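The values are calculated or read from the model by the stated rules, or taken from the named source; none is laboratory data. Values in this document were obtained by computation on a predicted structure and should not be read as measured data. Backbone-built Cβ (ideal geometry, glycine too); neighbour counts: all protein chains shown. Calculation scope for accessible area: heavy atoms of the full protein, side chains included, ligands and nucleic acids excluded. Shrake-Rupley method; radii C 1.70, N 1.55, O 1.52, S 1.80 Å.
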Amino acid sequence: MIRPYDLSPADYRRLAAILRTLAESAARPILVRLGLLRGANGRGATDAEAVQALVASLERLGPTFVKLGQIMATRADLLPPELTEALARLHDRVAPVPFEAVRPQLVEDLGAPPEEVFAAFSPEPIAAASIAQVYLARLRTGEEVVVKVRRPGIEAVMRADLRLLMAAARIVERRAPALRRHQPVRVVAELGDALLEELDFRIEARNQEEVRARGGPFVVPEVHRAWTTARTMVSTRIRGERPDAAFREAHPALCRALAPEAARGLLGMILLDGLFHADPHPGNVLVTPDGRLALLDFGSVGRLSARRREQVLVVLGSLVDADAGAVGDVLLDWAGRSGSPPPGLEASVERFLTRYAAAGSAQPLRLAEAVGEFIGIAREHDLALPPDLVVLMRALGIAEGLARTLDPEIDVIDVIAPVVVRAFAARFEPKALASRGFRAFKELDLILALGPEALRRAIGRLRREGLTLTAGTPDLAEVPAALRRAGDRIALSVLAAALVIAGGLVAALDPGLPQPVRVAFLGAPLVGLVLFLAGRGRR
């Protein structure tokens, strides 16, 4: 039996054809650097020629490589900007599959021929891409719908190509030590998971329903679950126009009104909901006849945990107070790195903050530019970011691009400031305070539960093996002060958790309390903490 990433004889033939296609182009230097081909770089193509040749080769190799190239375009933390920009321009337009080849699969998924299920059905697709093609239909209720159908046989093709890509990633890890630290096998596995998710329309339907249920400023099509399967998805048709430059010229006043709504709405999905459209470019957005923005195609969405949103807010807040240490700590945490930061990281972050901090910026900040430079810092210091954050940062850049398409003069940072303030304020609502306090007590309870056993084992090992202490720093005189500060912080953490959860629970559990009393219950602990901190600062 062939395991997910083992190769069959047919896979090896396909691999040879792929490498031959790539080697015959100017992309050969890139393949040699990756360790996928041996020998000289070839005819001396420039880096720009090699990148363009690689993109053209990916388009010739078919849908798997086009989609994976588009996904790799989001990994600016791993790839240089000239390559990610070229990959982002990969075309996903292919000739449609004849309807007679699609019909048996559609009949199986719908449970009957489309002519019987729908009052009207057009066999001519209105759009065709590498994974699916889309048809128009009308329900017997008179409602217009779109029917998205997966291309027959595409899953088998993509799974086979993913096996080849995994084999290639293993070769890269063996032959290209400089790239090994980027964990190509893990990256390909993550990309493969993302690609296979796009093949399952039930996941897209669930994403679409969840975004629609949360409300917000955007129109989101309704999913018709009765006819939605892994290969077929039926949803309400949204009529409208693409918000491109031509639309802006025809409707300048409407576009100026919609631009801030788009920026605030998309950032609100990220910071407040933790669920957002990961690819909100103008091709996935419509302006409806009544002047609202509609979002389409939820095959790719981003999700952020509450903790991740708090970390993003730390970075945004650091643009105000230029706290390079806090941003460096967050970057290391995102990359899963412990110990001392890489040499030069804090200096790079300080330069970034000096350039983009709101207090020192003489002109409106361009979000996409700042995001690109921030990711560049991670790439320069070998800090691979988690996939959810890469998706987030790409979505921020695309959202700004959409807003600027609608209104080139918009100051995006000024427009989104109320959303950021609201996200910061939400962290201090009674429910959020109580939740964080409860998490702190859970951590403390875990420490208390595991501490005695860990201490017993440490003492036993100390008795058996003794204690060897190696010191490699001239700053030992600072150790007592550092230990005292650490103890103070632990005490403050416990005290803060106790005060906050007590105030939050009283305020939250007794809704009959007058508002001034509720404020007092929440405010008194915070005032006490401030006074305590002030006293500690004078010592």
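Give me the percent of the accessible area of the range 219-338 that comes from carbon and sulfur atoms, probe 1.4 Å, all protein chains in place.
On the way: 2430 of 4870 Å².
Reported share for carbon and sulfur atoms: 50 percent.
Here the spin labels are modelled as points 7 Å beyond Cα on the Cα-Cβ line, and at His224 and Arg138 they lie 1.2 nm apart. With both labels modelled 7 Å from their Cα along Cα-to-Cβ, the Ser122 to Thr21 distance reads 3.1 nm. In the range 215-323, a dipole from Cβ-located charges (positive for Lys and Arg, negative for Asp and Glu) runs towards its positive end, and of Ala306, Ala262, His224 it is His224 whose Cα lies farthest in that direction.
Report the trypsin sites (Lys or Arg not before Pro) located in the range 137-210 that are in a DSSP loop and have at most 11 other Cβ atoms inside 10 Å of their Cβ, or state none. Before the final figure, lay out each step's value.
Details: sites: Arg138, Arg140, Lys148, Arg150, Arg159, Arg163, Arg170, Arg174, Arg175, Arg180, Arg181, Arg186, Arg202, Arg206; in loops: Arg140, Arg181.
Sites meeting the loop and neighbour criteria: Arg140, Arg181.
Report the rotationally averaged projected area of the range 50-164 based on its alpha-carbon convex hull, in square nanometres.
Working: hull surface 35.2 nm².
Spelled out: convex hull of the Cα atoms, projected over all directions, averaged, 8.8 nm².
Per residue, what accessible area does the range 264-335 have, given a 1.4 Å probe and all protein chains present, in Å²?
On the way: 2480 Å² over 72 residues.
Solvent-accessible surface per residue comes out at 34 Å².
Per residue, the Cα convex hull of the range 222-335 amounts to 155 Å³. Of the GluC sites (Glu not before Pro) found in the range 125-224, the ones in coil according to DSSP and having at most 16 other Cβ atoms within 10 Å of their Cβ are Glu143, Glu222. Ranking Gly344, Ala253, Pro289 by Cα position along the charge dipole of the range 201-351, where only Lys, Arg, Asp and Glu carry charges on their C-beta atoms, puts Pro289 farthest toward the positive end.
Extending 7 Å from Cα along the Cβ direction at Ala425 and again at Ala257 yields two label points whose distance is 2.5 nm. With every protein chain in place, what's the accessible area of Arg394 (1.4 Å probe, Å², nearest 10)? Surface open to solvent at Arg394 totals about 80 Å². Here the Karplus curve 6.51 cos²θ - 1.76 cosθ + 1.60, taken at θ = phi - 60°, turns the phi angles of the range 291-306 into couplings of x, 10, 8, 10, 9, 10, 6, 9, x, 10, 10, x, 10, 10, 6, 4 Hz, with x standing for Gly and Pro. Solvent-accessible area assigned to carbon and sulfur over the range 97-157 amounts to 55 percent, based on a 1.4 Å probe.
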